[in-house]
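Q: Below you'll find the structure I mean.
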Amino acid sequence: MRPETSVIIPTWNRRDLVVRAIDSVLAQTREVQEIIVVDDGSTDDTGEVLAQRYGKRITYAAQANAGVSAARNRGLAMASGRYLALLDSDDVWLPEKTARQVGFLEAHPDIGLVLCDVMRMAPDGSLIDVFDRRRQIPEDGPALRWVLRDPALAPLSVLMRREVYEDVGGFDESLRTAEDLDFHLRVAARWGIGVVSGPLARALRGHDGLSALASTEDDYLAVMERAAEAAKGTVPEDARRQALATAYVKNAESCVWRGRYGQAWELGRKAWALEPEGELRRRLLRLPMMAGKRAVRAMLPRAGEGR
């Protein structure tokens, strides 16, 4: 019989952390019948440790290192559940996650993917903040206009129908970063999205990520411009323009702090041409001051220099 729920856990040299992730799945109050761990080229003894600890309770697949998107995609292709979930190997679920999200999808046949709030944790175990998904997606159902404005996605918060994956495909392996944003936008363009309020997962932050790559403005903007172009005629034009302006402003600010002033100026110019509203306009007008402060700090001697 087909499993009700499958979870895909990509991992890379996280022998100890991945055990925490798997144990949190096994502790679910609503059983997850298929746990797929895709080892993306680990050089520690992850495979041996998992085989000894879990045996046939998990499906373990090893591959040459190809990145987190390739690992997730392999797991998705292997999965046979009616519902598909994602969990990174440094994160954990709380016990009620599967029960509440499966229950939500069963009660809302018009929704393809459901999210939950996420507690973001520091390496010392302290709480950084809570990623409140209802602030991002204020109502269940068609969500493209909201996701365009803020496409952030925590993969561990996702539970989706198999049909969603079969329709939109997996993660774009050509992207170095922002592959999760791209996936979120492609789903929102074709399926209703829901939110189960309340934190049902914990995400570890402030340590090396699986991809070992920092976010890049180029990938983020490529994803956003492609999605905004595809959304023409689908969402109100003013919402589409403000979403694109938001992406330009956000990445202009990031470029300033990276010292990429020319790119920041170009992004600010694009944002201004879209006639940004309210706070977006104020953030644009603050960019020169931000750049000035950044330049001054860059010129100041570092502590201990010149002594």
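Q: Taking Cα pairs under 8 Å and at least six residues apart, what relative contact order does the stretch 168-288 come out at, in percent?
A: Reported as a whole number, the value is 21 percent.
Q: I've got another one for you. Name the residues whose placed amide hydrogens come within less than 5 Å of the amide hydrogen of Leu115, ignoring near sequence neighbours (fewer than 5 apart) on the same chain.
A: Residues meeting the amide H criterion: Gly194, Val195, Val196.
Q: Would you work out which of Leu175, Pro109, Asn65 lies farthest towards the positive end of the dipole of the chain, given +1 charges on the beta-carbon of Lys and Arg and -1 on that of Asp and Glu, about the Cα centre?
A: The listed residue farthest towards the positive side: Leu175.
Q: Taking the stretch 226-307, which GluC sites (Glu not before Pro) meet the DSSP loop condition and have no more than 16 other C-beta atoms within 10 Å? Write out the running numbers ahead of the final one.
A: Numbers: sites: Glu229, Glu237, Glu253, Glu266, Glu277, Glu279, Glu305; in loops: Glu277, Glu305.
Filter output for the stretch 226-307: Glu277, Glu305.
Q: OK, next. With +1 on each Lys and Arg Cβ and -1 on each Asp and Glu Cβ, and nothing else charged, work out how big the dipole of the chain is about its Cα centre, in Debye to the nearest 20.
A: Working: 44 positive and 45 negative charges, 193 e Å.
In debye, rounded to 20, the chain gives about 920.
Q: May I pose another question? Return the loop-located GluC sites (Glu not before Pro) in the stretch 108-216 (DSSP other than H, G, I, E, B) with at most 11 other Cβ atoms within 10 Å of their own Cβ; answer none if there are none.
A: Qualifying residues, ordered by number: Glu139.
Q: Follow-up question, since we're still on this one. Give the percent of DSSP beta bridges with both residues in the chain that are antiparallel, rounded to the nearest 5.
A: 30 percent
Q: Still on this structure, please answer the following. For Thr59, which sequence-distant residues (separation of 5 or more, or a different chain) have an amide H within less than 5 Å of its own amide H, given hydrogens modelled in the peptide plane?
A: Counting only residues 5 or more places away or on other chains, the set is Ile35, Ile36, Val37.
Every number in this text was worked out from the coordinates using simple rules, so none of it is lab data. It should be emphasised that the depicted structure is a prediction, and the values quoted were computed from it without experimental measurement. Please note: Cβ atoms are built from the backbone with ideal geometry, for glycine as well, and neighbour counts cover all protein chains shown.
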